[in-house]
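Before any comments, here is the structure.
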C-alpha cells in the first residue's frame, strides 16, 4: 500500500536497539531521576484514575499559576515532539515555506516535510554562533512559519532574547514556533514574550530537567486563538492520566529542577576539564550535553563505546559537526566510566599509529 509521496520520501526517526542496563548518554535524558513526589503520586493512582480518561482542568489551572499565563494559553501534548507535529499539521500547507536553522532538531524537518512543506535551512557557520542575521534576512521573504530552538539542538547554541524579539517583530503574520525543551539549562524562558507577540508559540517538555521522558508530556503556550486552533488536531486525551498525576506532583517541587540544573552544570564543568586534559576540543553548550571533537573517526568511537555499554551519539551526519560526539551530562559515576573508556580508546588508537 503506497503512502503519500511526502511520507515516502521521509526517513523515520532512528530509535535504535535496547538500551537497558547501559550508560545512557546518547538521548539527553535526565539521569538524575524525577521529583520524589512524582513516584509517590504514581503509587497512589487508583483503578478509577487509570480506567477513565484524564481530567485536565485542575492541572491547567495549576500550570497557569506556575507559568504566569491563563489556562486558555496552554495545551497539553504527548511530549514536545507531538507539539511540533500539531503545529505543522495546523499551520502549514503543502508547498508553504518553513525556515529552520541547520542543523537543528531533526523532528522539525521530519514533520514539516511530512506535511509537504518546503523546508529552507539557514546554515550555521563554523563557529556555531546562532545565525540571527541570515535567519532575519530569510524571514523578510515571507515564509509561513519559522522554527527556533532555544537553546538549539544539536549545536547547543543560544539565541539571545533581544535577537528573538527582533525576529518576532519582522513580520507579525509569520508564525514563530519556539522550542524551549532545554530552557532550564540556559537560565531563562521567553514565556513573558507571549503578551506582546500573538505570532509566537512556545513549546516546553517535562522530559529533560523534570526527568519524566518516559511519561511523554509536553506543553504548547500561545495566544488563546492559536491554542484553540491546535485543539482541532491534538487528540482529545493526548496526555495520559499517569502523566497528569506526575505533572501535578512535579510542579509542587520546583526546587528539584533547580537542584538538577545545578548538578548538571557542575558535572559538565568537571567533564570539560577532564576531556580538555586529554587533549580534546570540547564545545560547551547552554544545554545538558557537550560536543566532544574526537576527529574523523567519531562513528567508530561511538561503536567502540557502545561495545563497552556506554551510549553516546556521533554527529557525523551533520557536516558542521563532523568528528564530534554528543555526550549528555549523566551522573558522576557514569561520566567517570565514559572518560575512562574514552581515554583507553584514545591511547589504543595512538599506540596503533
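Okay, residues lined up against (1) surrounded by 22 or more Cβ atoms within 10 Å (Cβ to Cβ); (2) in contact with a helix residue (DSSP H, G or I) (Cβ under 7 Å, 6 or more places away or on another chain):
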| position | (1), (2) |
| --- | --- |
| 100 | yes, yes |
| 104 | yes, no |
| 119 | no, yes |
| 122 | no, yes |
Go through the residues of the range 80-89 one by one and say whether even a single one is surrounded by fewer than 18 Cβ atoms within 10 Å (Cβ to Cβ), assigned by TED's automatic domain parsing to the domain that holds residue 237 and at pLDDT 95 or above.
yes
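Condition check: more than 30 Å from residue 26 (Cβ to Cβ), in contact with a strand residue (DSSP E or B) (Cβ under 8 Å, 6 or more places away or on another chain) and in contact (Cβ under 8 Å) with a residue 12 or more places away in the chain. Does residue 204 satisfy that?
It is false that residue 204 is more than 30 Å from residue 26 (Cβ to Cβ), in contact with a strand residue (DSSP E or B) (Cβ under 8 Å, 6 or more places away or on another chain) and in contact (Cβ under 8 Å) with a residue 12 or more places away in the chain.
Any chance you could count how many residues in the range 198-215 are surrounded by fewer than 20 Cβ atoms within 10 Å (Cβ to Cβ) and in contact with a helix residue (DSSP H, G or I) (Cβ under 9 Å, 6 or more places away or on another chain)?
2
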For residue 341, indicate whether it is under 27 Å from residue 210 (Cβ atoms) and either at pLDDT 95 or above or surrounded by 14 or more Cβ atoms within 10 Å (Cβ to Cβ) (or both).
no
Candidates 288, 309, 281, filtered to the one that is within 22 Å of residue 185 (Cβ to Cβ) and loosely packed, with under 14 Cβ neighbours inside 10 Å
281
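The values are calculated or read from the model by the stated rules, or taken from the named source; none is laboratory data. Nothing here was measured: the structure is a model prediction, and the numbers come from that model. Reconstructed Cβ throughout: ideal geometry from the backbone, glycine too, with neighbour counts over all protein chains shown.
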